[in-house]
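Worksheet: one structure, shown below.
The values are calculated or read from the model by the stated rules, or taken from the named source; none is laboratory data. Just so it is clear, the structure is predicted and the values come from calculations on it, not from any experiment. For neighbour counting, all protein chains shown are included, and Cβ atoms are generated from backbone atoms with ideal geometry for every residue, glycine included.
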Amino acid sequence: MESKLGPSEEADYIKALNYSFLLLRYRLRSKNEMISRLKKKKYGSAVIKRIVRYLSQYNYINDKEFCRVFIESGLQKGWGPRKIDFNLAKLGVDVRLRSEMLGRGVDYSFQIQRLIDKKDASLGPVKDKIAAKKKLQKILRYLLNRGFSYQDIMKEMEGRKIINI
């Protein structure tokens, strides 16, 4: 049941709804992200609740779909699971939903291999053992900064005979 709003609140509702659609025109948004953006614009809590209810009802905001699209986008950018999880947390996605969506059988080994090849090629050939060790450290730091776990990186490096432990 729709709550009755006064004339000024009804005008705010229409402005807030238009603003919400403007935001959604650029990319999908999480429920919490939409709420915080509307709060920044200083809309009342009754207006925000009504907007969120409307957007959820018509599937304009859906955290599960947002999460799926965000993960795909992050993977295309070469991000690892930790970086994706961190960014989803910043956008207000529930921890259970994040872990469920990130744990959906995604194999990061191919992505790690691709990034190793890319970074290896950009660093060029090495002449001695010291330079080789520095190159490996740079590749490792690069992948860690991208959000991959140390264990996954080392497993791929060992499997490709990049390092000898």
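Identify all residues within region 90-129 that are assigned to a loop (DSSP other than H, G, I, E, B), charged (D, E, K, R) and surrounded by 12 or more Cβ atoms within 10 Å (Cβ to Cβ); write none if there are none.
Going through region 90-129, the residues assigned to a loop (DSSP other than H, G, I, E, B) turn out to be 91-94, 103-108, 124-128.
Now narrow it down to the ones that are charged (D, E, K, R): 94, 104, 107, 127-128.
The one that is assigned to a loop (DSSP other than H, G, I, E, B), charged (D, E, K, R) and surrounded by 12 or more Cβ atoms within 10 Å (Cβ to Cβ): ASP94.
Screening LYS155 on (1) assigned to a helix (DSSP H, G or I); (2) in contact (Cβ under 8 Å) with a residue 24 or more places away in the chain; (3) surrounded by 15 or more Cβ atoms within 10 Å (Cβ to Cβ); (4) not assigned by TED's automatic domain parsing to the domain that holds GLY74 shows it passes everything except condition (3).
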